[in-house]
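The values are calculated or read from the model by the stated rules, or taken from the named source; none is laboratory data. A quick note: this is a predicted structure, and the numbers were derived from the prediction, not measured. Cβ coordinates were reconstructed from backbone atoms using ideal geometry, including for glycine residues, and neighbour counts include every protein chain displayed.
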Amino acid sequence: MSKDGGAYGVFVPVEVGDEKTFWNRIGTGFVNSKGLTLLLDAIPAQGRAGVVAEDLATEDKPYKVFTPVEYEKDGERKTRWTRIGTAIPNKKGLTVLFNAHPVSGKAVVMVEEEKEGGEKGEEGEVIDMF
């Protein structure tokens, strides 16, 4: 995924008739160190949204979508990542399929990276991305 720091639109498809689809903007996406952060102004009613950007470099595999949940433990701020969906590359960006909606309105599309020794990060792992 490109790390140029650009902003992208997050849209939901509204199908009108058999051959016409309108795209309503519901948020913005920003490239971060691990993937893409989505800031949603609205929750997609159908559980589906698209990130539209012709220059967004995507791999040809699904991405995991998480929402960060911040908490405090022993006086230290931590972040827990809860998986809420999957993002699939499309012609102009990503289609995001939500299994759950982020309460905070923030979703993060993560690129799965290999750790040292070839191990992959595990779901639910507590990491600090920001």
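The table below gives the values:
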{"item": "Every residue from the range 7-43 that is more than 14 Å from residue 68 (Cβ to Cβ) and among the aromatic types (Phe, Trp, Tyr)", "result": "8, 11, 22, 23"}
{"item": "Criterion (at pLDDT below 80 and either in contact with a His (Cβ under 8 Å, 6 or more places away or on another chain) or under 19 Å from residue 25 (Cα atoms) (or both)) met by exactly one of 52, 111", "result": "52"}
{"item": "Residue check, residue 100 outside any loop (DSSP other than H, G, I, E, B) and among the small types (Gly, Ala, Ser)", "result": "no"}
{"item": "Single unsatisfied condition, residue 29 versus (1) under 22 Å from residue 14 (Cα atoms); (2) loosely packed, with under 14 Cβ neighbours inside 10 Å", "result": "(2)"}
{"item": "Subset of the range 32-49 that is under 14 Å from residue 98 (Cβ atoms) and at pLDDT 85 or above - its residue that is surrounded by the most Cβ atoms within 10 Å (Cβ to Cβ)", "result": "38"}
